[in-house]
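One structure is given here, and the rest of the page talks about it.
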Amino acid sequence: MKIKASALGALAMAAVVTAALPGAAQNDQGEKPSFLRNEYQAVKPEKANPLTELISGYFFRSRETQALQDDDFLNPGFLWVEQGQDLWSKPEGEAGKSCADCHQDAAATMKGVGASYPKVQPDGKLANLEGRINLCRTQYMKAPELKYDSDPLLALTAYVRHQSRGMPVKVAIDGTAAPYFEKGKEFYYTRRGQLDFSCASCHETNYGHYLRADFLSQGQSNGFPTYRLKWQKLGSLHRRLEGCVQDTRGETFKRGSEEFLALELYLAWRGQGLPVETPSVRQ
Amino acid sequence: MPWCQRPSHQPVRAAIAFLIAAVVGGPVAPGAASAEDLVAFVVDGQSVPKPLTGTPGDPVAGAKASVNRGGGNCLACHVLPIANQPFQGDVGPDLRGVGARLNEGELRLRVINAKLVNPESVMPAFYKADGFLMPRKDLAGKPILTAQEVEDVVAYLASLKE
């Protein structure tokens, strides 16, 4: 696994260096992102959504970055998707089971699943795909949990979510999910850190504006896990959230924490109806 | 037109000045008094007329602090007439010529804490040490800029006449 993971990293690096040179950030002296060129597809939000139109982060990125995502052979995120496909049928743990032993062909059984997560589990707790995969591992495979943002967990998460590519995000926020939704919403609008920013400060009030070397998007989560050029690898939504909180010069929460899970649910709802893009490519 | 000059903000500004005066029993800004290391300052309407320090602000140092990412980082959100800085932001108003639009006292209040002018502003308060939720541990209890840096930035902004 280790050897495979590092080889994967090297491959990914090579793919990106040749395909997209740094400096993809654009400003008004260079190329304008498609959002500013008015060349984008928006999804009409549900009534309660504070946004007037839902726009994937894809339309805030440069042509080069978009081109990387558009071509499955160029898209470095597929290295993880393919690794996930291998892991899917690999038995692990004391029970000697693989994912495929219970779920058979992911193309059929996982279709739509990634679009509906995070989801409240039978135990009443909210889980995202990463959490659900680890729950399967500990509960049914009798295998240890995979570390957050480890290559195998990213790979399985990306593989599962990829089976919903093109399908609209559709999470449940009622019933047992309601308290998590409210908690996530509260997080979204709470200012934090020395800079006193809430998520809304950048992604609701100011999307479409330039923030130094970057272009503020709506902070939609439909492309995660995403291949981020800055990371030179695939990464989880929680890794990105951690970075966002750090950008407020604030103390962050742990990846997989209840706070980030609740926020993940709320964010998914803010993008309810956007197509899943996993694996997306972002700056 | 910058938000701070929009006529629609006039009533808000008046209300804030009133509130500040009513709550603290005088025109001393909240926050400043409770953080030991901060110099107390007096808000007079839309302005903090008196400098925070006895040393006049240095516009050259102020320009540097405006670019510094760990410091003021004004460039992240504002356009400034600084050469070789291609990635300027447009979240906040364009600051070219701001020295002709606002006087030093008005600039000082906005650098100290723009939320005293407009509570909905996303602009961070640069001279405020407490009242933040979960600030990074190494930054807790500290303002973004020192009193002298505030004066430097104000001197720099005041120099932007066109």
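Just so you know, all these numbers are worked out from the coordinates, no wet-lab data involved. Computed from a predicted structure; not experimentally measured. Cβ atoms come from the backbone with ideal geometry, glycine included; neighbour counts cover every protein chain shown.
Laid out as a table, the results:
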| item | result |
| --- | --- |
| Efficiency of FRET from Cβ geometry, A:THR205 and A:LYS170, R₀ 22 Å, rounded to 0.05 | 0.25 |
| Centre separation in Å (Cα based) which lies between the range A:98-117 and the range A:170-246 | 27 Å |
| Selection of chymotrypsin sites (Phe, Trp or Tyr not before Pro), the range A:43-84, meeting DSSP coil and at most 16 other Cβ within 10 Å | A:PHE73 |
| Convex hull of Cα atoms in the range A:78-162, direction-averaged projection (nm²) | 5.1 nm² |
| Within a Gaussian network of chain A (alpha carbon springs, distance under 10 Å), most fluctuating of A:PRO144, A:PRO118, A:PRO45 | A:PRO144 |
| Hz values of 3J(HN,Hα) by residue in the range B:119-126 - Karplus curve (6.51, -1.76, 1.60), Gly and Pro given as x | x, 7, 4, 8, 5, x, 7, 8 |
| Shape metrics for the range A:119-247, restricted to C-alpha atoms - Rg then Dmax, Å | 16.3, 48 |
| Environment charge of B:LYS161, counting only residues whose C-beta is closer than 15 Å and scoring Lys/Arg +1, Asp/Glu -1 | -2 |
| Considering only chain A, percent of DSSP beta bridges that pair antiparallel, nearest 5 | 75 percent |
| Compactness of the range A:28-103, expressed as Rg and Dmax over alpha-carbon positions, Å | 19.5, 59 |
| B:ILE144, B:ILE82 arranged by Cβ crowding within 10 Å, fewest neighbours leading | B:ILE82, B:ILE144 |
| Loop-located trypsin sites (Lys or Arg not before Pro) in the range A:80-129 whose Cβ has at most 15 other Cβ within 10 Å (DSSP) | A:LYS111, A:LYS125 |
| Net charge of neighbours whose Cβ lies under 9 Å from the Cβ of B:ALA76, counting Lys and Arg as +1 and Asp and Glu as -1 | +2 |
| Of A:TRP88, A:TRP231, A:TRP269, the one that fluctuates the most in a GNM where chain A has Cα springs shorter than 10 Å | A:TRP231 |
| The range A:217-283 - convex hull of the alpha-carbon atoms, volume per residue in Å³ | 86 Å³ |
| B:LEU107, B:LEU133, B:LEU102 arranged by Cβ crowding within 10 Å, fewest neighbours leading | B:LEU133, B:LEU102, B:LEU107 |
| Positive minus negative residues near A:HIS103 (Lys, Arg vs Asp, Glu; Cβ under 12 Å) | +1 |
| Order of A:ARG282, A:ARG63, A:ARG37 - criterion: other Cβ atoms within 10 Å of each residue's Cβ, fewest first | A:ARG37, A:ARG63, A:ARG282 |
| When the convex hull of its Cα atoms is projected in every direction, mean area for chain A (nm²) | 14.5 nm² |
